[in-house]
Amino acid sequence: MHEERNSIFRDAGLDRRTATEVPDTPQTRAPSYRLAFADDEFMCRDELRPVRLQLELLKPEMMLDEHGVQSTIVLFGGARIPAPANKANARTKTLADLSHFYDEARNFARLMTEHSKASDGRENVIVTGGGPGVMEAGNRGAHDAGGRSIGLNIVLPHEQAPNEYVTPDLCFNFHYFAIRKMHFLMRARAICIFPGGFGTLDEMFESLTLIQTGRMRRVPFLLFGREFWERIINWDALADAGTIADQDLDLFRYVETAQEAFELIENWESAPARDDIPGR
């Protein structure tokens, strides 16, 4: 999908291959002789962090552009929520009880992908964190519909791999959480939050804060499972305390089913970003 180079200068990839064919001498073995962009040790130095940040921003952006992805539907949710068929092996009864959200995430992703495919498949492409649980369900639903989906994985200390339903050409891996979060939101047409833990809460509150502060335009922001969310977060207490405004409680909606979420997104009336912050 790469366009032919339109440059009078020699190709960097060609020079990289040529550099591997030089005579083996003390000089050519020296780290200083390596091409800078082909030197893994150099690229991993602390001083090169700004360059690595830029590369992690550029690579997925360029590849998503090349694949024609124009907008996404973001699915956040717990990696530990099992498929209903596996709920007997869940670590807690609560996780077993939450397993039906695996199917809701799968069905929702299928509905959105079928609708996306009915046009040109460039809009409303499902994106998840690429892992197990709710993430797997989202990618699996898109796969069920014969469509594409994106996985934004992150390197963690324990061994992990992308779930098998992510479209291979749209499966990315990140070192920096911050850049990964940017890619979740840069094309977001809607944000859907399923029950989860620290990672889900982090992603939810960061996204919600961007909308609250007017740094991001309003999009459908859907929390699946009112009972779960009202049990772990006392939203009204935040409003009563004045740490958020009453109007902030309107920035999200509760939904229970895939069909309900699909219809809400389809009937959403576009809203601009806030130009002030209520209560300030």
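The values are calculated or read from the model by the stated rules, or taken from the named source; none is laboratory data. None of the values given here were measured: they were computed from a predicted structure. Note that each Cβ is placed from the backbone with ideal geometry, even for glycine, and that neighbours are counted across all protein chains shown.
Conditions tested, residue by residue: (1) within 22 Å of Gly151 (Cβ to Cβ); (2) modelled with pLDDT under 95.
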{"position": "Glu4", "(1), (2)": "no, yes"}
{"position": "Val51", "(1), (2)": "no, no"}
{"position": "Glu56", "(1), (2)": "yes, no"}
{"position": "Thr94", "(1), (2)": "no, no"}
{"position": "Glu104", "(1), (2)": "yes, no"}
Being over 21 Å from Phe262 (Cβ atoms) and either modelled with pLDDT of 95 or more or in a strand (DSSP E or B) (or both) is the filter here, so list the residues in segment 156-166 that pass it. Pro162, Asn163, Glu164, Val166
Options Gly146, Gly130, Gly121: the member that is farther than 22 Å from Ala83 by Cβ, part of a loop (DSSP other than H, G, I, E, B), small (Gly, Ala, Ser) and touching a residue at least 24 places away in the same chain (Cβ under 8 Å): Gly121
Can you say whether Leu264 is under 24 Å from His100 (Cα atoms), under 23 Å from the mean Cα position of the chain (by Cα), modelled with pLDDT of 95 or more and of a type in the set (A, V, I, L, M), as far as the supplied structure shows? yes
Before we move on, is Ser270 surrounded by 19 or more Cβ atoms within 10 Å (Cβ to Cβ) and among the hydroxyl-bearing types (Ser, Thr, Tyr)? no
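Let's see how each residue does on (1) closer than 28 Å to Arg49 by Cα; (2) in contact with a Gly (Cβ under 7 Å, 6 or more places away or on another chain); (3) touching a residue at least 24 places away in the same chain (Cβ under 8 Å); (4) among the polar types (S, T, N, Q):
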position: Val166; (1), (2), (3), (4): no, yes, yes, no
position: Cys171; (1), (2), (3), (4): yes, yes, yes, no
position: Gly199; (1), (2), (3), (4): yes, no, yes, no
position: Trp229; (1), (2), (3), (4): no, no, yes, no
position: Leu238; (1), (2), (3), (4): no, no, no, no
position: Tyr254; (1), (2), (3), (4): no, no, yes, no
position: Ala258; (1), (2), (3), (4): no, no, yes, no
position: Arg274; (1), (2), (3), (4): no, yes, yes, no
